[in-house]
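Chemist: The structure is given below, and queries will be raised subsequently.
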Amino acid sequence: MQKSILITGGAGFIGSHVVKLFVSKYPKYKVVNLDSLTYAGNLENLKEVEKADNYVFEKVDLLEESGLKAVFEKHEITDVIHLAAESHVDRSISDPLAFVKTNVIGTVNLLNVARGYWKDYDAHLFYHVSTDEVYGSLDNGGYFEETTAYDPQSPYSASKASSDHFVRAYANTYGLRTVISNCSNNYGPNQFPEKLIPLCVHNIKNNKPLPIYGKGENVRDWLYVIDHAHAIDKIFHEGKAGETYNIGGWNEWQNINIVKLLCEIMDRKLGREKGTSSKLITFVKDRAGHDMRYAIDASKLEKELGWKPSLQFEEGIEKTVDWYLENEAWLEHVTSGDYQKYYIEHYQA
Ligand code: NAD
Ligand code: DAU
């Protein structure tokens, strides 16, 4: 094998798309998916690759240093793409410590193990996948650039900002080769239905209220998850060590407008009369400290590495809605609580 890449968080939403891309595109790489399988990690996301010769799954928690060391040794890990994290802002408001544990201490554990295991740092790369939320909120126009000062506003973004700082500190202090990317909001298949888009698709289908925080005027910049995976592939192979790359789709939407669009699409796909689903829109109490607007300037990645999003949003959102409608069983499994038992019975029997 040319490389043995540790991808953390590979059973989650974005990680599973990255794992599938690397396993199929690079048969000469060994892809080691390390994931502790929290509520957000689902091996069913990986059934297309689970039998591939170049794919291995390791159930290990980032907080278990000895488990991490064993994986590095067993698989002779050459590079890391680190995605594992607690990822949901609302959960970070109710339980910030869980985010410090996984996102900060877990990342430092992983850095320590990589630092201890690798001998010639120039031969290896530690790629940290991060978020645009570290830059704070754009309330007065403009875009997040790679040079924008960090200004995290939620416990989630504070924990991700901290992990980014540790990655840079390990490059500066110990000479580890690192790269960081900060991406905008992802959407697409396999996203856990606590996030806005899959939550609304699920609720529209079941005639449940669509909770809009505050006035629904907050803006997010949406990117199709497979385009994010392709950007990670580009940056992993062609990015410059020590650099940061912003990833985004130049695709800003106010929350209320994206929910109205989902209502229109769902009315059409479910054969409901126009305007039926939008009656489910319910304005609820705002998220505490709710960031007003995120918008990424992705020109560095476009100019230096030639990456571009492949899908227009209109096409991506149709594909996404179709995927959730065609994969009702997935939605039931991941929300049912006994998902792992289901998986073992159905896929490992
Ligand atoms: P996710 O919540 O869907 O998946 C996270 C995965 O990490 C899960 O499989 C979970 O089991 C695993 N995990 C959590 N804690 C762990 C631990 N202690 N040890 C080992 N594994 C653990 O997250 P996602 O939305 O796919 O996000 C992946 C990464 O991308 C995160 O680092 C996130 O900050 C970043 N990101 C996400 C978005 C987005 O829109 N979702 C945008 C930009 C950046
Ligand atoms: O910007 C990148 C970030 O995007 C990632 O780093 C995070 O991991 C990811 O969860 C996402 O964070 P957001 O908070 O932007 O995503 P979420 O889907 O939770 O919310 C999107 C917007 O919709 C946000 O303004 C809050 C609002 N919202 C969300 C939910 C779940 C609602 O109005 N109602 C809801 O029920």
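The values are calculated or read from the model by the stated rules, or taken from the named source; none is laboratory data. The structure displayed is predicted, hence computed values, not measured ones. Neighbour counts run over all protein chains shown; Cβ positions are idealised from the backbone, glycine included. With ligands, DNA and RNA removed, areas are computed over all heavy atoms of the protein, side chains included. Shrake-Rupley method; radii C 1.70, N 1.55, O 1.52, S 1.80 Å.
Chemist: Which one of ILE232, ILE226, ILE197, ILE247 is of a type in the set (A, V, I, L, M), under 21 Å from LEU270 (Cα atoms) and in contact (Cβ under 8 Å) with a residue 24 or more places away in the chain? Break it down into steps so the answer makes sense when it comes.
Modeler: Values: ILE232 fails: under 21 Å from LEU270 (Cα atoms); ILE226 fails: under 21 Å from LEU270 (Cα atoms); ILE247 fails: under 21 Å from LEU270 (Cα atoms).
The unique qualifying residue is ILE197.
Chemist: Only one residue in GLY106, GLY188 is within 23 Å of ASP221 (Cβ to Cβ) and at pLDDT 95 or above. Which one?
Modeler: Going through GLY106, GLY188 in turn, the sole match is GLY188.
Chemist: Sort out which residues of region 157-192 are hydroxyl-bearing (Ser, Thr, Tyr) and in a loop (DSSP other than H, G, I, E, B), and write them in order of number. Full working, then the answer.
Modeler: Kept after step one, since they are hydroxyl-bearing (Ser, Thr, Tyr), are these residues of region 157-192: 157, 159, 162-163, 170, 173-174, 178, 181, 184, 187.
Residue satisfying the conditions is SER184 alone.
Chemist: Return the only residue of SER181, SER162, SER157 being polar (S, T, N, Q) and open to solvent by 10 Å² or more (accessible area, probe 1.4 Å).
Modeler: Details: SER181 fails: open to solvent by 10 Å² or more (accessible area, probe 1.4 Å); SER157 fails: open to solvent by 10 Å² or more (accessible area, probe 1.4 Å).
Only one candidate qualifies: SER162.
Chemist: While we're on this one: If the requirement is being within 22 Å of SER184 (Cβ to Cβ), polar (S, T, N, Q) and within 10 Å of ligand 1 (Cβ to nearest atom), which of these qualifies: ASN103, ASN109? Spell out how you get there, then give the answer.
Modeler: On the way: ASN109 fails: within 22 Å of SER184 (Cβ to Cβ).
That would be ASN103, the only listed residue that is within 22 Å of SER184 (Cβ to Cβ), polar (S, T, N, Q) and within 10 Å of ligand 1 (Cβ to nearest atom).
Chemist: Check ALA149, ALA114 and return the single one that is in contact (Cβ under 8 Å) with a residue 12 or more places away in the chain and in a helix (DSSP H, G or I).
Modeler: ALA114
Chemist: Let me ask you something else. Looking at region 6-22 only, could you name the residues that are surrounded by fewer than 24 Cβ atoms within 10 Å (Cβ to Cβ) and more than 7 Å from ligand 1 (Cβ to nearest atom)?
Modeler: LYS20, LEU21
Chemist: Mind checking which helices (runs of 4 or more DSSP H) fall wholly inside region 220-312 and carry at least 2 residues that are within 14 Å of ligand 2 (Cβ to nearest atom)?
Modeler: It comes to 225-238, 255-270.
Chemist: OK, next. Please go through region 23-37 and give me each residue that is out of contact with any helix residue (DSSP H, G or I) (no Cβ under 8 Å at 6 or more places or on another chain) and either acidic (Asp, Glu) or within 15 Å of ligand 1 (Cβ to nearest atom) (or both), ordered by number. Please lay out each step first, then the result.
Modeler: Taking region 23-37 and keeping what is out of contact with any helix residue (DSSP H, G or I) (no Cβ under 8 Å at 6 or more places or on another chain), we get 23-24, 26-28, 36.
Answer for region 23-37, where residues must be out of contact with any helix residue (DSSP H, G or I) (no Cβ under 8 Å at 6 or more places or on another chain) and either acidic (Asp, Glu) or within 15 Å of ligand 1 (Cβ to nearest atom) (or both): just SER36.
Chemist: Which pairs have Cβ atoms under 6 Å, sit 6 or more apart or on different chains, and link a residue in region 33-48 that is farther than 16 Å from GLU194 by Cβ to one that is open to solvent by 20 Å² or more (accessible area, probe 1.4 Å) and within 6 Å of ligand 1 (Cβ to nearest atom)?
Modeler: SER36/ASP61
Chemist: Every residue in region 29-57 that is part of a strand (DSSP E or B) and open to solvent by 30 Å² or more (accessible area, probe 1.4 Å), please.
Modeler: LYS30, VAL56, PHE57
Chemist: Show the residue pairs that are 6+ apart or on different chains and have beta-carbon atoms under 8 Å apart, the first residue being within region 6-20 and assigned to a strand (DSSP E or B) and at pLDDT 95 or above, the second being open to solvent by 10 Å² or more (accessible area, probe 1.4 Å) and of a type in the set (D, E, K, R).
Modeler: Close Cβ pairs satisfying both conditions: THR8/ASP35.
Chemist: Go through region 135-181 and give me each residue that's under 30 Å from TYR121 (Cα atoms) and either in contact with a Pro (Cβ under 6 Å, 6 or more places away or on another chain) or charged (D, E, K, R) (or both).
Modeler: Those that are under 30 Å from TYR121 (Cα atoms) and either in contact with a Pro (Cβ under 6 Å, 6 or more places away or on another chain) or charged (D, E, K, R) (or both): GLU145, GLU146, ALA158, LYS160, ALA161, ASP164, ARG168, ARG177.
Chemist: Could you give every pair whose Cβ atoms fall below 9 Å, whose first residue belongs to region 250-263 and is away from ligand 1 (no atom under 16 Å from the Cβ) and open to solvent by 20 Å² or more (accessible area, probe 1.4 Å), and whose second residue is aliphatic (A, V, I, L, M) and in a helix (DSSP H, G or I), counting only separations of at least 6 or pairs across chains?
Modeler: If the second residue must be aliphatic (A, V, I, L, M) and in a helix (DSSP H, G or I), the pairs left are LEU261/ILE317.
Chemist: If you don't mind, another one. So which residues in region 221-245 are touching a Phe, Trp or Tyr at 6+ places or on another chain (Cβ under 6 Å) and either within 12 Å of ligand 1 (Cβ to nearest atom) or within 23 Å of GLY141 (Cα to Cα) (or both)?
Modeler: Of everything in region 221-245, those that are touching a Phe, Trp or Tyr at 6+ places or on another chain (Cβ under 6 Å) and either within 12 Å of ligand 1 (Cβ to nearest atom) or within 23 Å of GLY141 (Cα to Cα) (or both) turn out to be ASP221, TRP222, ALA231.
Chemist: For region 55-72, does any single residue satisfy the condition of being touching a strand residue (DSSP E or B) at 6+ places or on another chain (Cβ under 9 Å), within 15 Å of ligand 2 (Cβ to nearest atom) and within 20 Å of VAL18 (Cα to Cα)?
Modeler: Looking through region 55-72, none of the residues is touching a strand residue (DSSP E or B) at 6+ places or on another chain (Cβ under 9 Å), within 15 Å of ligand 2 (Cβ to nearest atom) and within 20 Å of VAL18 (Cα to Cα).
Chemist: Here is a further query. Are there any pairs, at least 6 apart or on different chains, whose C-beta atoms fall under 9 Å, with the first in region 277-294 and closer than 30 Å to TYR143 by Cβ and touching a residue at least 24 places away in the same chain (Cβ under 8 Å) and the second loosely packed, with under 14 Cβ neighbours inside 10 Å and of a type in the set (Lys, Arg), and if so, which?
Modeler: Note: pairs meeting the criteria are PHE283/LYS215; ASP286/LYS215.
Chemist: Moving on to the next point. Take the conditions more than 12 Å from ligand 1 (Cβ to nearest atom), closer than 20 Å to ILE317 by Cα and touching a helix residue (DSSP H, G or I) at 6+ places or on another chain (Cβ under 7 Å) and apply them to ASN218. Does it pass?
Modeler: So ASN218 passes the test.
Chemist: Ok, one more. Name the residue that is surrounded by the fewest Cβ atoms within 10 Å (Cβ to Cβ), counting only residues in region 193-209 that are outside any loop (DSSP other than H, G, I, E, B) and over 23 Å from the mean Cα position of the chain (by Cα).
Modeler: LYS205
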